[in-house]
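These notes concern the structure reproduced below.
The values are calculated or read from the model by the stated rules, or taken from the named source; none is laboratory data. Just so we're clear, the structure is a prediction, and the values are computed from it rather than from any experiment. A quick note on method: Cβ atoms are made from the backbone with ideal geometry, for glycine too, and the neighbour counts reach across all protein chains shown.
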Amino acid sequence: MAQDGIYDIFVIGGGINGCGIARDAAGRGYSVCLAEMNDLASGTSSASTKLIHGGLRYLEYYEFRLVREALMEREVLWAAAPHIIWPLRFVLPHHAGLRPAWLLRLGLFLYDHIGGRRKLPATRTLDMTRDAAARPLKSLYTRAFEYSDCWVNDARLVALNARDAADRGALIRTRSKVTAARRDADGWTLQVEDTLTGAVETVRARLVVNAAGPWVDEVLTGVAGLKTAHNVRLVQGSHIVVRKKFDDPRAYFFQNTDGRIIFAIPYEQEFTLIGTTDQDYHGDPAKVAITAAETDYLCAAASEYFAAPVQRADVVWSYSGVRPLYDDGASKAQEATRDYVLKSDAPEGLAPLMNIFGGKITTYRRLAEHMLEKIEEKLGARGKPWTATGTLPGGDFPADGFAAQLQRLKADYPFLEPRHAYRLVRLYGTRAWVLLGTAAASADLGQHFGWDLYAAEVRYLIAQEWAMTAQDVLWRRTKIGLHVTDAQAEALETFMAQTVQRPSQ
Ligand SMILES: Cc1cc2nc3c(=O)[nH]c(=O)nc-3n(C[C@H](O)[C@H](O)[C@H](O)COP(=O)(O)OP(=O)(O)OC[C@H]3O[C@@H](n4cnc5c(N)ncnc54)[C@H](O)[C@@H]3O)c2cc1C
């Protein structure tokens with residue numbers, strides 16, 4: 001809660017970085033308000049490849065600091081949220097004429113050894129004349145390497161950070177756009193517009209964190225009215241989703257002839273996720289959408305490897321996002337640094353503004369810790385760093401305890417279809433019990449909206465996770481959008497419009 005009507009910290013942006021910082025800061029005892037102009041994770045943070053990874057490719061650009069920090073985060077984040085984060089093995093076929101086997105082996109040796117790997121299994125070499133991983137591929141590959149990284153449900157990671165921040169006292173406001181920010185010696189005065197009603201409110205804070213992702217420069221110049229250099233390089237990345245191309249639980253890492261790489265990853269049980277692209281973007285980040293050329297590129301790159309080609313007509317869904325990379329002047333988009341840069345703007349006698357450029361989902365927790373170090377310099381220290389061992393909502397069970405949780409949920413709610421029980425534990429972990437409450441039959445879960453979505457889950461998402469529209473539920477809190485008809489989505493929209501109450505300001 002703000003004391004004397006002034007928050008310690010005001011965070012602009014409800015992506016992974018803003019929510020991660022709000023959570024860390026609230027947990028240390030600062031009063032925090034976060035404003036997100038749309039839905040949580042509606043920007044880049046729901047459009048990633050969804051990997052908690054060191055970034056094998058970044059070793060080629062000598063990004064050792066970033067890779068090491070990211071590798072170390074894999075097991076920390078897995079332990080914090082084992083429902084939405086889990087280990088994934090990747091198969092990297094050796095492709096004649098591309099990177100030589102010795103180079104791949106060297107990269108994977110570093111990958112295995114520089115990042116504090118304890119639980120994740122090490123790299124091994126596969127004989128592709130015998131291994132099941134060769135089955136869906138063309139018969140060109142005799143050798144491959146199999147290594148570890150982790151999978152993350154990116155949009156839910158954001159929502160859970162926001163939930164935890166709120167549980168620790170932060171005020172999280174969605175559909176709240178910061179339209180102006182002015183400072184004096186005592187702090188900031190921010191204009192926050194409710195994007196649904198148009199109502200504008202004034203909020204005071206001692207320090208502002210600019211976590212606006214692709215909009216970071218716009219917040220600096222347009223919102224805060226500062227004269228500043230151009231800082232971010234916007235790089236578009238798109239993914240396609242096709243019906244399952246393979247049954248193997250492992251993902252594939254394919255090298256392309258242009259030097260880039262793509263992943264083909266098992267997705268939502270019935271699909272394969274293929275991506276990503278890398279191209280400079282100059283438009284409005286809110287309007288980014290996959291281009292026909294990107295779809296063709298991804299189909300062609302995957303078809304180089306899969307025996308059954310991937311065609312445009314196979315694409316059931318696609319999404320696109322904009323990486324807000326720190327502009328280091330690299331010539332190609334794919335070479336621009338993936339590391340983050342934190343810059344404080346705190347002229348003598350004026351309240352501080354802390355800006356974030358770049359960053360990965362994988363490094364959000366460490367980024368938040370580094371940001372808190374800078375905040376402490378300005379506001380004075382409160383609590384100690386704590387997020388390395390704190391669990392996220394629903395993640396309070398052992399990292400390898402998913403199967404046991406699923407067993408327990410099935411025993412407590414025997415009426416749930418196996419697929420439904422699995423989905424609930426994957427999305428909500430131990431909070432699945434809160435969501436289901438005293439239900440003893442499907443009928444107790446309320447209105448059915450298609451697939452296995454019932455009113456009980458929607459009400460939970462409205463009450464606990466700031467869901468306000470059918471889009472929020474179907475594409476960010478869940479991926480049930482892949483399964484429902486337009487009519488079912490409309491029924492959900494009607495239900496939500498009747499159920500959502502705008503929280504009083
Ligand atoms: C194609 C692609 C693949 C990727 N794959 C991976 C991966 O596999 N692993 C990984 O670790 N990272 C990955 N990343 C990187 C990662 O997704 C981003 O670094 C991260 O999501 C950036 O988060 P953010 O919070 O900085 O930005 P965002 O998520 O964009 O959040 C910024 C938020 O600020 C809000 N905002 C802006 N202006 C205002 C305002 N005036 N008032 C209120 N709110 C405002 C926006 O609405 C937005 O929600 C990928 C990125 C892309 C594009």
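A few comments on the model shown:
- Which listed residue, of LEU88, LEU104, is buried (at least 23 other Cβ atoms within 10 Å of the Cβ) and either more than 7 Å from the ligand (Cβ to nearest atom) or free of Cβ contacts under 8 Å to residues at least 24 places away in the same chain (or both): LEU104
- Listed by first and then second residue, the pairs with beta-carbon distance under 7 Å, at least 6 apart or on different chains, first residue in segment 443-456 and surrounded by fewer than 17 Cβ atoms within 10 Å (Cβ to Cβ), second small (Gly, Ala, Ser) and part of a helix (DSSP H, G or I), are GLY446/ALA455; GLY446/ALA456; GLN447/ALA455.
- When segment 408-430 is filtered for residues that are surrounded by 14 or more Cβ atoms within 10 Å (Cβ to Cβ) and part of a loop (DSSP other than H, G, I, E, B), the ones remaining, listed by number, are TYR413, PHE415, LEU416.
- Check on ALA165, of a type in the set (A, V, I, L, M), more than 9 Å from the ligand (Cβ to nearest atom) and at pLDDT 95 or above: yes
- Of the residues making up segment 297-337, just one is assigned to a loop (DSSP other than H, G, I, E, B) and of a type in the set (Phe, Trp, Tyr), namely TYR305.
- Single residue of segment 36-66 satisfying the filter (over 25 Å from LEU106 (Cα atoms) and among the polar types (S, T, N, Q)) that is farthest from the ligand (Cβ to nearest atom): SER46
- The lone exception for LEU424 - which of (1) modelled with pLDDT under 95; (2) under 25 Å from the mean Cα position of the chain (by Cα) it fails: (1)
- One residue from ALA455, ALA470 being assigned by TED's automatic domain parsing to the domain that holds GLU490, more than 29 Å from VAL76 (Cβ to Cβ), under 24 Å from the mean Cα position of the chain (by Cα) and not basic (Lys, Arg): ALA470
- Matching option when the condition is at positive phi and not basic (Lys, Arg), among GLY97, GLY107: GLY97
- Just one residue in the set TRP386, TRP433 is surrounded by 15 or more Cβ atoms within 10 Å (Cβ to Cβ), more than 16 Å from the ligand (Cβ to nearest atom) and not acidic (Asp, Glu); that residue is TRP433.
- Counted residues, segment 2-41 - those being part of a strand (DSSP E or B) and not hydroxyl-bearing (Ser, Thr, Tyr): 11
- Checking each residue in segment 141-164 for being assigned to a loop (DSSP other than H, G, I, E, B) and either touching a Pro at 6+ places or on another chain (Cβ under 8 Å) or closer than 19 Å to LYS479 by Cα (or both) picks out TYR141, ASN153.
- Matching option when the condition is within 15 Å of TRP188 (Cβ to Cβ) and within 15 Å of the ligand (Cβ to nearest atom), among ILE21, ILE16, ILE9: ILE9
- Output for segment 308-327, where each listed residue is in contact with a strand residue (DSSP E or B) (Cβ under 6 Å, 6 or more places away or on another chain) and of a type in the set (D, E, K, R): ASP314, ARG323, ASP327
- The residues listed here are ARG130, ARG124, ARG117; of these, the one that is away from the ligand (no atom under 16 Å from the Cβ), more than 20 Å from ALA302 (Cα to Cα) and modelled with pLDDT under 95 is ARG117.
- Residue in segment 236-277 that is nearest to the chain's Cα centre (by Cα), counting only those that are surrounded by 22 or more Cβ atoms within 10 Å (Cβ to Cβ) and more than 18 Å from VAL310 (Cα to Cα): GLY237
- All positions within segment 222-270 that are on the phi < 0 side of the Ramachandran plot and of a type in the set (Asp, Glu): ASP247, ASP248, ASP258, GLU270
- Condition check for TRP78: under 23 Å from the mean Cα position of the chain (by Cα) and farther than 22 Å from GLY358 by Cα: yes
- Annotation: of all residues in segment 19-46 being out of contact with any Asp or Glu (no Cβ under 7 Å at 6 or more places or on another chain) and within 18 Å of VAL232 (Cα to Cα), the one that is surrounded by the fewest Cβ atoms within 10 Å (Cβ to Cβ) is THR44.
- For segment 270-285, the set of residues classified as of a type in the set (S, T, N, Q) and within 15 Å of the ligand (Cβ to nearest atom) consists of THR276, THR277, GLN279, listed by residue number.
- Tally of residues being assigned to a loop (DSSP other than H, G, I, E, B) and either aromatic (Phe, Trp, Tyr) or without any contact (Cβ under 8 Å) to a residue 40 or more places away in the chain (or both) across segment 341-380: 4
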